[in-house]
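Take a look at the structure below.
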Amino acid sequence: MINATHDPGLRSWVESAHAEATDFPIQNLPLGVFRLRHRHRDRWRVGVAIGSQVLDCAAADSLGVLPGVWDGLFGSSLNALMAEPPERWSALRAAVSSTLRSDTAIGRQAAAHAAEILVPQEDVQLRVPADVGDYTDFYASLAHATNVGSMFRPDQPLLPNYKWIPIAYHGRASSIVPSGTGLRRPAGQAGGEPAVPPVVGATRRLDYEAELGLWIGGGNALGTPIPVGAAGRVLFGACLLNDWSARDIQAWEYQPLGPFLGKNFASTVSPWVVTWEALAPFRAPACVRDAGDPAPLPYLTDDADQQGGALDIRIDVFLQSATMRDQGIPPFRLSSGRTADLYWTPAQMVAHHTMGGCNLRPGDLLGTGTVSGPSRESRGCLLELTWRGTEPLRLPSGEERRFLEDGDEVVMRARCEREGYRSIGFGDCTGTILPAVP
Ligand code: CA
């Protein structure tokens, strides 16, 4: 629902919130968990990004400049808040908005306490914002599934179930890391040559996947499906997700049970959760299916979801090699994709995930799968961009890339833009490749 918190005319007493390029104007108000970088063993606590600053929610609450009663919700993760009903999430957003506005009485009081309730983002460390119990990765981009399928199965790029089922696998929660975490090149088995044993060693085909992460709030009791029309009540917010992938390991191991070591070594999230409510102006119709495609089955069909259940978010991916860093060359944009191209909506993913009674819990994370579109520049991973390494990319430094090299930094950024609304962003989702363990 669009309400007063989305008003593009809102002004904040935090000046940096008005910078044209900021991801965090007062219309965004993403939630995260931070601590001071330089204070030994500082405690983790909930904050809201505003311009170049972080609002310390507990500090604002204790000084009486955050309206409402929020006992116990501003601890070391967002799980307690995620466990509350959506009406409470919305009430908190309204309260934070009034605290940060320059034209409210509470905002004027808050501004007088700026030194006690604001911390510069450059002084904080951010963690994965929730304790993730379970992580599931979908495969919702038709273009991605078709491209990847055509490399491995030229005769049948798209398997017959794809247009009926939102395909996914259960991923690994323990290796989810926040943006900025270095990534050790993983080892594994790679094989597949007839009559030749597999080789064991560091992956030679390390890749990223640009995805949207969906944070779950509330949830469902075991045995109780969430209907597609009610899925909005468990969608707490979104982040960027880099589903790092070792393609040689993946290709050898994925049959018959799907990804394992090719995916479980790390997944990086952007640490700010852009709430579902903040994304309201950027909803879009579900993707238009080709004339010959089946309609979604009834349990995946809801009129409101078809009309506005998708999201229109642009995700850009940049790469900066060690050489580029040394030469002062800025990160080079590899691709730009849109989540509106996904074949399945978030609500369809939730409805399918739970139709057999599987319970979602606060802090669960769903990945959409690589966000790729029909155009070449919208391909969300190197596997597609270099066509399995057969069409190398050239970087501004003159280097070539088929897959990631040690020292490469992958940077993902996302932006929501719509006429009549303030643009919002997600903050960076970055990771640098470290050499394999010898
Ligand atoms: Ca993936």
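Size check on the chain: the Cα extents along the three principal axes, sorted descending, read 74, 55, 39 Å.
Counting only Cβ charges, +1 for Lys and Arg and -1 for Asp and Glu, the dipole size of segment 244-315 around its Cα centre is about 280 debye. At full extension, GLN255 and ASP155 could sit 34.3 nm farther apart than now, given 0.36 nm per residue minus the alpha carbon distance.
Gain on full extension, evaluated as 0.36 nm per residue between ALA291 and GLN109 minus their Cα-Cα distance, stands at 59.7 nm. Relative contact order of segment 150-229, taken over Cα pairs closer than 8 Å and 6 or more residues apart, is 14 percent.
If the segment from ARG184 to GLU419 were pulled out straight at 0.36 nm per residue, it would be longer than the present Cα-Cα gap by 80.4 nm.
Which order do the peptides 401-408, 315-322, 363-370 come out in when sorted by mean C-beta neighbours inside 10 angstrom, highest first?
Per-residue Cβ counts within 10 Å, averaged per peptide and sorted highest first, yield 363-370, 315-322, 401-408.
Peptide packing: for 203-214, 146-157, 82-93, 329-340, the average count of neighbouring Cβ atoms within 10 Å per residue gives the ranking 203-214, 329-340, 82-93, 146-157, highest mean first.
Provide the per residue accessible area, probe 1.4 Å, for the chain, rounded to a whole number of square angstrom.
Accessible surface, normalised per residue, equals 42 Å².
Within the accessible area of the chain, the carbon and sulfur atoms contribute 54%, probe 1.4 Å, all protein chains present. Ordering ALA145, ALA105, LEU31 by the projection of their Cα atoms onto the charge dipole of the chain, which places +1 on the Cβ of Lys and Arg and -1 on the Cβ of Asp and Glu, puts LEU31 at the extreme positive end.
The distance linking segment 77-141 with segment 198-232 is 23 Å (Cα centroid to Cα centroid, whole angstrom).
The values are calculated or read from the model by the stated rules, or taken from the named source; none is laboratory data. Small disclaimer: the values here were computed from a predicted structure and weren't measured. Virtual Cβ from ideal backbone geometry, glycine too; neighbours counted across all protein chains shown. We work out accessible area using only protein heavy atoms, side chains counted, and drop any ligands, DNA or RNA first. Shrake-Rupley method; radii C 1.70, N 1.55, O 1.52, S 1.80 Å.
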